[in-house]
Protein chains: 2
Amino acid sequence: MAEDRRTRRTRRALADALVELVLERGFSALSVEDITERADVARATFYSHFKDKDALFARVTADLLDGLGRRLAPSVAGSAVGFTGKPLLEMLRHARDERDLYRIVLRGEGDGKPLQMFTDVCAANTAQEFRARAERNDVKPRIDAELLARVWVGEQVAVLRWWAESETPPAPAEEVVRMLLDLALRGRYWASGFDAPE
Amino acid sequence: MAEDRRTRRTRRALADALVELVLERGFSALSVEDITERADVARATFYSHFKDKDALFARVTADLLDGLGRRLAPSVAGSAVGFTGKPLLEMLRHARDERDLYRIVLRGEGDGKPLQMFTDVCAANTAQEFRARAERNDVKPRIDAELLARVWVGEQVAVLRWWAESETPPAPAEEVVRMLLDLALRGRYWASGFDAPE
DNA sequence: TCAATAACAGACAGCTTGTTCATTAACGCA
DNA sequence: TGCGTTAATGAACAAGCTGTCTGTTATTGA
């Protein structure tokens with residue numbers, strides 16, 4: 001009952017073609033024919049798999065999120081301690097492996113809808129994690145968990161983007177994590193080089 | 001030598017129609033005719049002003065940035081002190097006044113290009129501000145100014161979006177500024193409700 | 001008032017979309 | 001290996017959108 005090899009091959013070809021072409025010309029500049037041509041697939045075949053360009057992109061993004069989730073699962077499970085930065089590190093590695101796809105998603109290609117999928121999922125998980133942590137340690141957050149999660153994800157997205165768009169890696173993943181963690185935990189004054197945090 | 005009243009009227013009508021329609025249906029779903037119809041302008045006239053949809057959107061975004069710059073000028077000039085949050089407050093107010101436009105830009109409509117314009121300008125200014133401040137106070141930043149700026153702008157964009165998308169204002173601008181400033185300066189541990197920042 | 005010019009409606013070829021159909025080829029399974 | 005099932009193909013279609021050009025009309029600023 002495993003998926004037919006032909007469908008797997010075409011879907012994979014279409015997905016790869018999409019990523020390549022979006023990177024080259026931008027999502028809105030592409031026609032379905034551009035994609036099928038690059039993928040070496042008949043145009044009619046495209047429509048037997050996806051409603052339109054956006055559906056293909058949405059599917060590709062959803063798969064990316066699945067992959068990320070699977071990679072993150074172990075490091076999230078063992079994070080009862082505090083802000084270790086392990087999930088962030090895993091995310092950076094994922095972005096290294098799927099660099100092109102990360103680039104087009106983070107750029108907001110597709111009217112920002114894939115990016116929204118991405119941030120919404122991350123923010124929801126993060127917020128839940130925050131709430132769970134607060135509960136476990138019996139502390140009351142001084143800032144709404146939802147807002148806190150949005151801000152944290154906003155930071156991460158900014159860093160991911162900077163990281164994925166740089167031609168030569170500006171810093172090893174471990175160092176980026178350290179910097180961001182220092183910044184997040186110790187505050188901006190510290191990061192700017194000042195000593196007194198008030 | 002002032003601009004012809006007709007062109008002013010037409011451009012304004014097109015800009016307003018664009019914002020309305022993007023909010024309703026999304027940028028990629030719009031045809032030029034949709035826009036001209038809503039603006040009550042002949043289709044041919046559109047092309048005598050703009051090359052295409054994207055050019056119109058780019059123009060609207062550039063104007064928004066102009067307006068923001070003009071509003072920010074006074075508070076940036078007087079910020080020799082430190083992180084006062086005055087620019088952020090002014091930005092939130094600007095977002096309140098131009099809510100619809102902010103929403104579509106921050107969503108990443110137009111394949112994220114307007115949003116990129118927005119973040120690039122903000123990040124460039126912020127980075128320069130960071131560098132100037134470090135120079136004035138003769139301190140050495142512990143984190144690269146460029147990265148620091150990207151992270152800070154990433155936060156701001158996340159908050160702006162949350163703020164602009166909420167149906168009923170979730171909090172007054174002043175309070176949002178206070179929260180974000182506390183978070184930025186005192187760090188995540190503090191925000192989460194913990195006492196010891198290490 | 002008048003010259004300049006913006007706005008207009010209409011028409012144009014060329015391209016993209018999404019669908020349908022009959023035909024061919026690849027697949028999984030027994 | 002052979003067989004029934006199903007995916008892929010290429011061609012054709014109407015409908016819609018794009019970008020450009022036309023001659024004409026209406027508004028504008030001086």
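Please go through segment A:26-43 and give me each residue that is surrounded by fewer than 16 Cβ atoms within 10 Å (Cβ to Cβ) and more than 9 Å from DNA strand D (Cβ to nearest atom), ordered by number. Break it down into steps so the answer makes sense when it comes.
The first filter runs over segment A:26-43 and keeps only residues surrounded by fewer than 16 Cβ atoms within 10 Å (Cβ to Cβ), leaving A:29, A:31-33, A:37, A:40, A:42-43.
Within segment A:26-43, A:Ala29, A:Ser31, A:Val32, A:Glu33, A:Glu37 meet the criteria.
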| Listed residues A:Leu64, A:Leu56, A:Leu30; which is in the same structural domain as A:Arg96 (by TED's automatic domain parsing) and within 29 Å of B:Ala55 (Cα to Cα)? | A:Leu56
| query | Before we move on, is A:Glu135 touching a residue at least 60 places away in the same chain (Cβ under 8 Å), among the charged types (D, E, K, R) and over 20 Å from B:Ala145 (Cβ atoms)? | reply | no
| task | Would you mind telling me which numbered condition in (1) part of a loop (DSSP other than H, G, I, E, B); (2) within 12 Å of chain B (Cβ to nearest Cβ); (3) over 24 Å from A:Ser166 (Cβ atoms) A:Ala123 fails? | result | (1)
| said: B:Gly193 - would you say it is touching a Gly at 6+ places or on another chain (Cβ under 6 Å) and free of Cβ contacts under 8 Å to residues at least 40 places away in the same chain? | reply: no
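So which residues in segment B:1-25 are within 14 Å of chain A (Cβ to nearest Cβ) and within 13 Å of DNA strand D (Cβ to nearest atom)? Can you show your working first?
Of all residues in segment B:1-25, those within 14 Å of chain A (Cβ to nearest Cβ) come to B:18, B:21-25.
Residues satisfying the conditions are B:Leu18, B:Leu21, B:Arg25.
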| said: Considering only residues that are touching a residue at least 12 places away in the same chain (Cβ under 8 Å) and either near DNA strand C (Cβ under 8 Å from one of its atoms) or under 21 Å from A:Tyr102 (Cα atoms) (or both), which ones fall in segment A:29-46? | reply: A:Leu30, A:Val32, A:Asp34, A:Ile35, A:Arg38, A:Ala39, A:Phe46
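Assess whether A:Leu23 counts as being assigned by TED's automatic domain parsing to the domain that holds A:Leu181 and not basic (Lys, Arg).
Working: assigned by TED's automatic domain parsing to the domain that holds A:Leu181: no; not basic (Lys, Arg): yes.
So A:Leu23 does not fit the description; no.
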| task | Please verify whether segment A:65-81 includes one or more residues that are closer than 28 Å to B:Val105 by Cα and in contact with a His (Cβ under 6 Å, 6 or more places away or on another chain). | result | yes
| Can you name every residue in segment A:48-66 that is near DNA strand D (Cβ under 9 Å from one of its atoms) and either surrounded by 13 or more Cβ atoms within 10 Å (Cβ to Cβ) or within 14 Å of chain B (Cβ to nearest Cβ) (or both)? | A:His49
| note | Flagged in segment A:143-198 as facing chain B (nearest Cβ under 7 Å), out of contact with any Phe, Trp or Tyr (no Cβ under 6 Å at 6 or more places or on another chain) and assigned to a loop (DSSP other than H, G, I, E, B), in numbering order, are A:Ile143, A:Gly187, A:Gly193, A:Phe194
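Just to be sure, is B:Gly85 more than 14 Å from DNA strand C (Cβ to nearest atom), surrounded by 17 or more Cβ atoms within 10 Å (Cβ to Cβ) and more than 14 Å from the chain's Cα centre (by Cα)? Full working, then the answer.
Numbers: more than 14 Å from DNA strand C (Cβ to nearest atom): yes; surrounded by 17 or more Cβ atoms within 10 Å (Cβ to Cβ): yes; more than 14 Å from the chain's Cα centre (by Cα): yes.
It is true that B:Gly85 is more than 14 Å from DNA strand C (Cβ to nearest atom), surrounded by 17 or more Cβ atoms within 10 Å (Cβ to Cβ) and more than 14 Å from the chain's Cα centre (by Cα).
The values are calculated or read from the model by the stated rules, or taken from the named source; none is laboratory data. Here the structure is a predicted model, which means the values were calculated and not measured. Note that each Cβ is placed from the backbone with ideal geometry, even for glycine, and that neighbours are counted across all protein chains shown.
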